Amino acid sequence: MNIEYSVLPDPQISCANCEACCCRLEVRLLTDTGVPHRYIGENAHQIEVMKRLDDGWCAALDRNTLMCSIYANRPLVCREFEMGSYECKVEREDILGIKA
């Protein structure tokens, strides 16, 4: 697959129109940001990660709004995952089949 993406974030992509694609990724907890314990699990390698529910989405995702319910305390990885970035576009394409 040969996809070209700009280095600059795409202003047409927002959290309001993305269907929470990044909330389906495994998120390792690298720093303490105050994530409530009920949202923390372990992966197969016993590394702390954000817990995901049976639907594959992060347990902290509000299913009605598709917004993070712990936004102020979200993990560092979530803070650094830039909306509309190259990584965001790749995940959108993989999950939704949306080409940017």
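Scan around Met67 for amide H atoms under 5 Å from its own, H built in the peptide plane at 1.01 Å from N, and keep only partners 5 or more places away or cross-chain.
Answer set, sorted by chain and number: Asp62.
Let a ≥ b ≥ c be the square roots of the eigenvalues of the Cα gyration tensor of the stretch 24-80; is it rounded (a/c under 1.5), or, if not, prolate (a/b larger than b/c) or oblate? Numbers along the way, then the final one.
Details: a/c = 1.78, a/b = 1.16, b/c = 1.53.
Oblate, because a/c is 1.5 or more while a/b does not exceed b/c.
Please list, ordered by chain and number, the residues whose modelled amide H lies under 5 Å from the amide H of Lys51; skip anything fewer than 5 residues away on the same chain.
Ile40, Gly41, Ala59
Bear in mind that the values in this text are calculations on the coordinates, not laboratory data. The model shown is predicted, which means the values in this text are computed figures rather than measured ones.
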